[in-house]
């Protein structure tokens with residue numbers, strides 16, 4: 001009798017495995033390197049291995065498990081991984097507090113210095129105490145004191161006024177007022193927060209990626225980055241890429257609201273943690289800038305997204321937005337705004353604008369190709385004063401998804417492969433035993449297999465090579481004790497890379513054709529994004545993803561979108577430039593280009 005097997009998909013790790021029906025979720029997670037806490041050794045009494053069912057069916061909870069979780073958690077889909085088995089193919093979400101190890105998240109980037117010109121400034125004032133002889137309102141006396149220190153005419157919202165009387169008297173009539181610049185020439189300046197005198201004014205910047213979220217806490221007076229924090233985008237449990245997430249929002253009751261709340265919760269937790277690390281308070285965070293692709297922008301802002309998922313993929317708005325933080329539920333200063341820079345089109349968002357801003361790619365007089373590689377790859381070609389942008393749905397393979405032993409970049413992921421003669425060399429993140437392969441690892445593996453003659457031009461693995469076994473390349477055999485699975489490259493893994501590289505290769509070719517340029521005309525290739533930071537340029541050129549150019553023309557810049565968000569937080573002038581970049585950019589919809597499909601089909605070949 002053949003025992004049934006089920007596929008278990010662990011998110012946000014992006015790891016998948018087929019296991020026998022009697023295998024617990026905890027045991028399956030251990031086989032694929034998803035380090036779920038199991039302090040009690042898996043007997044169901046510590047509650048550390050909580051996971052949440054997203055799709056499929058699980059075995060019924062026993063009495064002890066139900067008692068440990070409680071009815072509300074059970075109703076929300078939470079289970080103990082050590083006590084639960086699959087009864088169909090399932091997708092489960094592993095919350096951050098159930099993990100023992102974190103994924104590698106790209107937070108750093110090349111930084112260009114900017115002149116400090118924040119939208120919110122601090123004014124210290126000292127007042128005479130109220131008395132029977134002077135019964136002016138608190139707001140009036142503060143407004144008059146601000147006028148004396150050249151703050152201009154300042155308005156006060158109800159949320160700021162509610163805190164004014166108590167803090168005025170606690171601080172003995174000495175205060176620091178955070179004042180936002182005018183939004184328009186005719187508008188008043190606005191008090192964002194009231195604080196004890198000499199309090200630091202802080203800013204918060206975030207880059208909401210489809211897979212990962214980068215967050216930064218800034219000192220607005222010095223421009224210093226006080227802290228940085230990375231997290232997995234919790235929306236992944238509802239879809240790995242933009243299109244599947246848009247579909248989930250469209251077909252799930254309150255789906256878009258759920259996705260919005262998930263990202264707001266992540267940002268709120270990040271703000272609280274970053275401030276707590278410095279001994280500071282979120283009330284001191286008086287300004288924020290958030291970037292992301294157009295779909296992430298719309299989800300975050302609470303804008304309709306249905307129209308983004310169908311042709312012609314029209315955004316609700318491409319102009320910059322300012323949204324009160326309190327309307328979003330973010331724990332910032334009482335009247336702080338969140339600035340969302342402009343988008344370019346339905347699939348080229350403010351994150352790409354921020355990347356172009358941070359790298360100053362838009363200023364180069366020569367020919368520059370700028371790419372932000374991820375699940376959705378955004379790219380721009382700068383030439384002759386023009387900026388032409390497009391979007392390529394490169395898919396989640398570069399994040400380790402849809403691979404036989406795929407995982408995201410966490411401890412134990414194969415990140416680099418080299419083949420020398422008949423010798424195979426493999427490097428894993430942090431030198432841990434191999435438990436899967438991430439995007440940079442599979443890219444390396446395919447490039448090395450191609451160079452070693454293991455692959456034909458269609459991507460088939462040749463059985464004649466000494467290192468291949470039954471049409472696979474084994475990178476790390478399974479240990480004899482069965483504690484981990486075999487890590488191997490299969491034909492379908494090669495195909496995933498072929499599909500991903502083909503869309504980028506054909507997107508670049510289409511941009512060049514549109515500008516009547518050859519690949520050799522490109523003087524600089526700027527590569528941004530987490531995956532772009534770790535990929536091997538030689539491997540990408542070898543499989544045809546990038547043009548065959550000298551390596552010195554390539555520049556890997558890290559999380560440039562996050563760097564651009566920080567620049568806009570520190571400088572009103574940089575916000576204006578971001579707006580100019582978005583207005584200058586010409587969007588090229590690849591699906592309307594007659595030659596794109598032909599180029600794509602040709603680019604599938606190795």
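The values are calculated or read from the model by the stated rules, or taken from the named source; none is laboratory data. Small disclaimer: the values here were computed from a predicted structure and weren't measured. With ideal geometry, Cβ positions are generated from the backbone for all residues, glycine too; neighbour counts draw on all protein chains shown.
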Q.
Looking at the structure I just gave you, is residue 139 in a helix (DSSP H, G or I) and within 28 Å of residue 203 (Cβ to Cβ)?
A. yes
Q) Before we move on, is residue 209 surrounded by 13 or more Cβ atoms within 10 Å (Cβ to Cβ), at pLDDT below 95, within 35 Å of the chain's Cα centre (by Cα) and under 26 Å from residue 260 (Cα atoms)? A) yes
Q. Is it the case that the stretch 172-190 has a residue that's out of contact with any strand residue (DSSP E or B) (no Cβ under 8 Å at 6 or more places or on another chain), modelled with pLDDT of 90 or more and loosely packed, with under 15 Cβ neighbours inside 10 Å?
A. yes
(Q) Conditions first: (1) part of a helix (DSSP H, G or I); (2) more than 24 Å from the chain's Cα centre (by Cα); (3) in contact (Cβ under 8 Å) with a residue 40 or more places away in the chain; (4) under 14 Å from residue 543 (Cα atoms). Residue 503 passes all but one, so which condition is the exception? (A) (2)
**Q.** Breaking point among (1) buried (at least 23 other Cβ atoms within 10 Å of the Cβ); (2) over 30 Å from residue 28 (Cα atoms), for residue 554
**A.** (1)
Q) Do we find a residue being closer than 29 Å to residue 211 by Cβ, touching a strand residue (DSSP E or B) at 6+ places or on another chain (Cβ under 8 Å) and either in a strand (DSSP E or B) or at pLDDT below 95 (or both) anywhere in the stretch 463-471? A) no
Q) Quick one: would you say residue 492 is closer than 30 Å to residue 201 by Cα and either in a helix (DSSP H, G or I) or in the same structural domain as residue 321 (by TED's automatic domain parsing) (or both)? A) no
Q. If you check 115, 65, which single one turns out to be at pLDDT 80 or above and either assigned by TED's automatic domain parsing to the domain that holds residue 263 or more than 30 Å from residue 214 (Cα to Cα) (or both)?
A. 65
Q: Give the residue, chosen from 291, 310, 286, that is within 19 Å of residue 567 (Cβ to Cβ) and either at pLDDT below 95 or touching a helix residue (DSSP H, G or I) at 6+ places or on another chain (Cβ under 8 Å) (or both).
A: 291
Q. Restricting the stretch 431-462 to residues that are touching a helix residue (DSSP H, G or I) at 6+ places or on another chain (Cβ under 9 Å) and part of a strand (DSSP E or B), which is nearest to residue 491 (Cα to Cα)?
A. 461
Q | Search result, residues across the stretch 468-495 that are closer than 30 Å to residue 595 by Cβ and surrounded by fewer than 22 Cβ atoms within 10 Å (Cβ to Cβ) | A | 491, 492, 495
Q. Can we say residue 236 is touching a strand residue (DSSP E or B) at 6+ places or on another chain (Cβ under 6 Å), touching a residue at least 24 places away in the same chain (Cβ under 8 Å) and under 30 Å from residue 397 (Cβ atoms)?
A. yes
Q: Taking residue 541 as the residue in question, decide whether it is on the phi < 0 side of the Ramachandran plot and touching a residue at least 24 places away in the same chain (Cβ under 8 Å).
A: no
Q. Is there a residue in the stretch 154-167 that is over 18 Å from residue 196 (Cα atoms), in a helix (DSSP H, G or I) and modelled with pLDDT of 90 or more?
A. yes
Q) Restricting to strands (runs of 3 or more DSSP E) lying wholly in the stretch 28-96: which have 2 or more residues that are surrounded by fewer than 19 Cβ atoms within 10 Å (Cβ to Cβ)? A) 50-55
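Matching residues to (1) within 23 Å of residue 395 (Cα to Cα); (2) surrounded by fewer than 23 Cβ atoms within 10 Å (Cβ to Cβ); (3) in contact with a helix residue (DSSP H, G or I) (Cβ under 7 Å, 6 or more places away or on another chain):
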residue: 193; (1), (2), (3): no, no, yes
residue: 197; (1), (2), (3): no, yes, no
residue: 216; (1), (2), (3): no, no, yes
residue: 242; (1), (2), (3): yes, no, yes
Q.
Need a quick list: strands (runs of 3 or more DSSP E) entirely within the stretch 278-391 having at least 2 residues that are under 27 Å from residue 500 (Cβ atoms).
A. 285-292, 368-372, 377-383
Q.
I'd like to check something: does the stretch 408-430 contain any residue that is in a helix (DSSP H, G or I) and either outside the structural domain of residue 35 (by TED's automatic domain parsing) or in contact with a strand residue (DSSP E or B) (Cβ under 8 Å, 6 or more places away or on another chain) (or both)?
A. yes
Q) Do we find a residue being surrounded by 14 or more Cβ atoms within 10 Å (Cβ to Cβ) and either closer than 23 Å to residue 336 by Cβ or under 41 Å from the mean Cα position of the chain (by Cα) (or both) anywhere in the stretch 130-140? A) yes
Q | Within the stretch 157-171, tally of residues that are free of Cβ contacts under 8 Å to residues at least 60 places away in the same chain and either in contact with a strand residue (DSSP E or B) (Cβ under 7 Å, 6 or more places away or on another chain) or under 14 Å from residue 126 (Cα atoms) (or both) | A | 6
